[in-house]
Amino acid sequence: EGVQPQEYTLIKMEVLAPFPPKFAALEGRKVYLAAATLRPETMYGQTNAWVLPEGKYGAFEINENDVFIMTERAALNLAYQNFSRIPKKPTSLVELTGYDLIGLPLNSPLAFNKVIYVLPMLTVLTDKGTGIVTCVPSDSPDDYMAMHDLKAKPALRNKFGVKDEWILPFEIIPVINIPEFGDKPAEKLCTDLKIKSQNDKEKLAEAKRLTYLRGFTDGTMLVGEYAGRKVQEAKPLVRNKLIESGGAVMYSE
Ligand code: A2H
């Protein structure tokens, strides 16, 4: 990691009732998967959340009501940023793995899809952000390829117990137009660069660089309250809205 702190928006993806048996200790609480993003303006296009199947997570008390599911490392950082029931001390109500989370139904702020599901992604890092990633296949090449892999490979879905209805009905939702790359920039770049799977690290890094750069400088919002505005202008506005409405908190590491 560099010396520059990275500022993330943590999106509060609410876990919908009924909770599974493993979540018994969380009854009566508001439970969220806390997803770290650098692109809050894309949240309209969320199609699912990603977790690392073998990853270790906890359900941490943020205050009397709210519980965030994330890595312990993120919970400790957040506790030092004033997000913990006991000051500077993360307290977990239950230990979880990614496998416990796969298939949970979520409602995520701004998402046009009212219910989305938790799915496995093998490239999620547990030492970055919260270890939870929200999937926006229109604008993130990593997300697009991971979704493409799961859709194209029934054996991969089987391996992780992913039901067809958690993924197959979800289509790419255009969120931003980039003059060079169109309304589905991630798909266009992955196709143009002939990226084969979510494990094609080098090409994905190039696709990410291009979408991030061009999206920020030349992108225009297609949807939401700031449709027609430049991404540069919309990004802080959407982020502030999310925070004011209780849908997100800021987090740095
Ligand atoms: B971004 P940086 Cl639309 N493991 O959010 C792997 N990836 C992670 C992660 C983790 N533990 N935590 C966060 N991320 C992803 C949206 C998005 C993102 C779009 C386009 C590009 C993009 C929707 N997914 O990121 O290494 C999250 O995905 C491209 C860089 O800290 C987060 O923002 O720079 C981004 O990586 C943070 O990456």
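At a Cα cut-off below 16 Å, give the aspartates and glutamates reachable from K151, other chains included and same-chain residues fewer than 8 away excluded.
Partners found: D142, D143, D164, E165, E171, E187.
Please report the spacing between the Cα centers of region 142-190 and region 195-249 in Å, no decimals.
16
I'd like the Karplus ³J(HN,Hα) series for region 79-93: coefficients 6.51, -1.76, 1.60, θ = phi - 60°, whole numbers in Hz, and an x wherever there's a Gly or Pro.
4, 7, 10, 6, 10, 6, 4, 9, x, 6, 9, x, 10, 9, 8
Calculate, in whole percent, how much of the Cα-Cα pair population of the chain lies beyond 27 Å.
Values: 10536 of 31878 pairs.
Beyond 27 Å sits 33 percent of the P(r) for the chain.
Using a Gaussian network model of the chain with C-alpha springs under 10 Å, which one of K196, K230, K159 is most mobile by mean-square fluctuation?
K159
When the Karplus curve 6.51 cos²θ - 1.76 cosθ + 1.60 is applied with θ = phi - 60°, which whole-Hz ³J(HN,Hα) does each residue of region 154-162 get, with x for Gly and Pro?
x, 5, 5, 4, 4, 4, 9, x, 7
Just L110, L204, L122 to compare: in a GNM of the chain, with alpha carbon springs under 10 Å, which one fluctuates most?
Between L110, L204, L122, it is L122 that shows the largest mean-square fluctuation.
Sorted by average packing, counted as other Cβ atoms within 10 angstrom per residue and highest first, what order do 67-74, 23-30, 123-130 take?
Values: 67-74: 24.1, 23-30: 14.1, 123-130: 17.9.
Per-residue mean Cβ counts within 10 Å order the peptides as 67-74, 123-130, 23-30.
Pull up all non-local amide H partners of T97: gap of 5 or more, or a different chain, and H-to-H distance under 5 Å with H placed in the peptide plane.
Excluding prolines and chain starts, which carry no amide H, the hits are Y57.
What is the distance, in nm, between label points placed 7 Å from the Cα along the Cα-to-Cβ direction at L125 and at A17?
Distance between label points: 3.9 nm.
Return the carbon/sulfur percentage of the accessible area of region 16-104, one whole number, probe 1.4 Å, all protein chains in place.
Working: 2000 of 3790 Å².
Its accessible area is 53 percent carbon and sulfur atoms.
Accessible area per residue of region 17-56 at 1.4 Å probe, in Å²?
Numbers: 1500 Å² over 40 residues.
Accessible area per residue, region 17-56: 38 Å².
Quick query: amide H of V51 versus all other amide H atoms, modeled in the peptide plane; which residues come in under 5 Å with a sequence gap of 5 or more or a different chain?
L119, M121
What number, in percent, do you get for the relative contact order of the chain if the mean sequence gap of Cα pairs under 8 Å and at least 6 apart is divided by its residue count? Numbers along the way, then the final one.
On the way: 519 pairs, mean separation 58.3, N = 253.
Relative contact order comes out at 23 percent.
The values are calculated or read from the model by the stated rules, or taken from the named source; none is laboratory data. This is a predicted model, so every value here is computed, not measured. Every residue, glycine as well, gets a Cβ built from its backbone with ideal geometry; the counts of neighbours run over all protein chains shown. Remember, those area values only see protein heavy atoms, side chains included, never the ligands or the DNA or RNA. Shrake-Rupley method; radii C 1.70, N 1.55, O 1.52, S 1.80 Å.
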